[in-house]
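**Q** Handing you a structure now.
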Amino acid sequence: MTRVISSTATKAHAKRRTQRFAAGRLIVLSLAAGILLLPYIYMLGFSLKPADEIFAGGLSPIPEQFAGLSNYIGALDREPLLRYLLNGVIVCAGILFFQLVFAVPCAYALAKFRFPGRGAMLGLVLFGLLIPIQATSLPIFIGLAQTGLTDSYTALIVPFISSVFAVFLFYQFFRTIPDELLDAARLDGCSEVSIMVRIVLPLTIPAATAFGIFSVVSHWNDLFWPLIVLRSPELSTPPLGILAFRSEEAGDSYGELMAGTVIITAPLVVAFLAAQRRFIEGISLGALKG
């Protein structure tokens, strides 16, 4: 009887300790999330404030006088923000499409086939992760300029259609697929193309969603490359469009500037919330595991 009581007390103590640990972890994560979200909260708050209230220097993001409607209408009137959004969608969708077309077969071959030079190719993929776009931007720009492809969608998409990060990520994911599943398909008479289309691609959806989030966020927010290759304002991507907005306004209307920034960043927030479940699923299935 004493042992039963002691065991029950020990379990109760362990349960309380686990609950305290979970509560402490939740508090820490909430504080960290609040700190990370603080700039966005102020951005949204400033987009709803009149100019005199912004320059008053208050720390509260909550507006005393609501000027959100005039700020958002003014932002849409002063700059073609919807055109910038369309450009961002075209560029990001084009880049993501070609990255998946090239990365999935390459990663599948590296993960599931055995052939001479496989280790060297995988080493080159890992080495490619260490090379930033800034290191190759000059020769790529010269090549585009000599072929007359600058100041176009092609110049924004082509340099990024092959992603070593995508190859490595899908390689890690394909390693988690049992070889027995693919061998069973081969015994049933499926060709490698059929296995890729009917078995591998459906399993790739969570990993593709996870990579898609990384790719879209990276290229949607990219200012470096569009600033180099674009000259026409009508081709401006969202960050470049905001830069033009800021230059035109010369800092006189921060409310409209913040409203434009909210409009530009809203699609990313909506897209992430819509793909959140698939994104978490892709992570948990081993898409980023070693």
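**Q** Of the residues P139, P63, which single one is surrounded by 18 or more Cβ atoms within 10 Å (Cβ to Cβ) and either farther than 22 Å from S236 by Cβ or of a type in the set (A, V, I, L, M, F, W, C) (or both)?
**A** Values: P139 fails: surrounded by 18 or more Cβ atoms within 10 Å (Cβ to Cβ).
It is P63.
**Q** Then there's this: In segment 51-77, which residues are touching a Phe, Trp or Tyr at 6+ places or on another chain (Cβ under 7 Å) and touching a residue at least 40 places away in the same chain (Cβ under 8 Å)? Spell out how you get there, then give the answer.
**A** The initial filter retains those residues of segment 51-77 that are touching a Phe, Trp or Tyr at 6+ places or on another chain (Cβ under 7 Å), namely 51, 54, 61.
Selection gives A51, I54.
**Q** Tell me the residue from G143, G117 that is on the phi > 0 side of the Ramachandran plot, out of contact with any helix residue (DSSP H, G or I) (no Cβ under 7 Å at 6 or more places or on another chain) and without any contact (Cβ under 8 Å) to a residue 24 or more places away in the chain, please. Break it down stepwise before answering.
**A** Working: G143 fails: on the phi > 0 side of the Ramachandran plot.
Only one candidate passes the filter, namely G117.
**Q** Within segment 81-126, which residues are more than 20 Å from the chain's Cα centre (by Cα), aromatic (F, W, Y) and part of a helix (DSSP H, G or I)?
**A** Y108
**Q** I'd like the residue in segment 144-170 that is β-branched (V, I, T) and within 20 Å of the chain's Cα centre (by Cα) and, out of all such residues, is nearest to L96 (Cα to Cα). Quick ask: steps written out before the conclusion?
**A** Kept after step one, since they are β-branched (V, I, T), are these residues of segment 144-170: 147, 150, 154, 157-158, 161, 164, 167.
Then drop every residue that is not within 20 Å of the chain's Cα centre (by Cα), which leaves 157-158, 161, 164, 167.
On the way: I157: 9, V158: 11, I161: 7, V164: 13, V167: 13 Å.
Only one residue fits best here, namely I161.
**Q** I'd like the full set of residues that are assigned to a helix (DSSP H, G or I), surrounded by fewer than 20 Cβ atoms within 10 Å (Cβ to Cβ) and aliphatic (A, V, I, L, M), limited to segment 167-183.
**A** L181, L182, listed by residue number.
**Q** For L37, which of the numbered conditions (1) under 15 Å from T265 (Cα atoms); (2) modelled with pLDDT of 85 or more; (3) not basic (K, R) fails to hold?
**A** Failing condition for L37: (2).
**Q** Yes or no: Y72 surrounded by 11 or more Cβ atoms within 10 Å (Cβ to Cβ), in contact with a Gly (Cβ under 6 Å, 6 or more places away or on another chain) and aromatic (F, W, Y)?
**A** Numbers: surrounded by 11 or more Cβ atoms within 10 Å (Cβ to Cβ): yes; in contact with a Gly (Cβ under 6 Å, 6 or more places away or on another chain): no; aromatic (F, W, Y): yes.
The answer is no for Y72.
**Q** Exactly one condition in (1) at positive phi; (2) in contact (Cβ under 8 Å) with a residue 24 or more places away in the chain is false for V104; which is it?
**A** Just one mismatch for V104, condition (1).
**Q** Please work out which one of (1) touching a Phe, Trp or Tyr at 6+ places or on another chain (Cβ under 8 Å); (2) modelled with pLDDT of 90 or more is the condition F46 fails and give its number.
**A** (2)
**Q** Report yes if some residue within segment 147-166 is over 23 Å from D222 (Cα atoms) and assigned to a helix (DSSP H, G or I); otherwise report no.
**A** At the first step, the residues of segment 147-166 found to be over 23 Å from D222 (Cα atoms) are 147.
Then drop every residue that is not assigned to a helix (DSSP H, G or I), which leaves none.
Within segment 147-166, not a single residue is over 23 Å from D222 (Cα atoms) and assigned to a helix (DSSP H, G or I).
Matching residues to (1) of a type in the set (S, T, N, Q); (2) touching a residue at least 40 places away in the same chain (Cβ under 8 Å):
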position: F173; (1), (2): no, yes
position: A184; (1), (2): no, no
position: I195; (1), (2): no, no
position: F211; (1), (2): no, yes
position: S218; (1), (2): yes, no
position: L223; (1), (2): no, no
position: I228; (1), (2): no, yes
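**Q** Return the pair list, or none, for Cβ contacts closer than 6 Å from residues in segment 123-138 that are under 18 Å from D222 (Cβ atoms) to residues that are at pLDDT below 85, at least 6 apart or on different chains.
**A** Listed pairs, sorted by first residue: none to list.
**Q** Which members of segment 75-105 meet the condition of being crowded, with 18+ Cβ neighbours inside 10 Å, of a type outside the set (G, A, S) and over 15 Å from I157 (Cα atoms)? If you could, list the steps in order and put the result at the bottom.
**A** Taking segment 75-105 as the starting set, the residues that turn out to be crowded, with 18+ Cβ neighbours inside 10 Å are 75, 79, 81, 84-85, 87-88, 91-92, 94-96, 99-100, 103-104.
Within this subset, residues satisfying the condition of being of a type outside the set (G, A, S) are 79, 81, 84-85, 87, 91-92, 95-96, 99-100, 104.
The answer is E79, L81, Y84, L85, V104.
**Q** Further question: Could you count how many residues in segment 60-80 are assigned to a loop (DSSP other than H, G, I, E, B), touching a helix residue (DSSP H, G or I) at 6+ places or on another chain (Cβ under 9 Å) and among the hydrophobic types (A, V, I, L, M, F, W, C)? Show your work before the answer.
**A** Of segment 60-80, the ones assigned to a loop (DSSP other than H, G, I, E, B) are 60-67, 79-80.
So of that shortlist, the ones also touching a helix residue (DSSP H, G or I) at 6+ places or on another chain (Cβ under 9 Å) come out as 60-65, 67, 79-80.
Adding the requirement that they be among the hydrophobic types (A, V, I, L, M, F, W, C) leaves 62, 67.
Qualifying residue count, segment 60-80: 2.
**Q** Which residues, counting only those in segment 127-136, are surrounded by 10 or more Cβ atoms within 10 Å (Cβ to Cβ) and part of a helix (DSSP H, G or I)? Can you show your working first?
**A** So the first thing to find is which residues in segment 127-136 are surrounded by 10 or more Cβ atoms within 10 Å (Cβ to Cβ), and the list is 127-129, 131, 133, 136.
Result: F127, G128, I133, T136.
The values are calculated or read from the model by the stated rules, or taken from the named source; none is laboratory data. Everything numeric in this text was worked out from a predicted model, so none of it was measured. Neighbour counts are summed over all protein chains in view; Cβ atoms, including those assigned to glycine, are modelled from backbone coordinates with ideal geometry.
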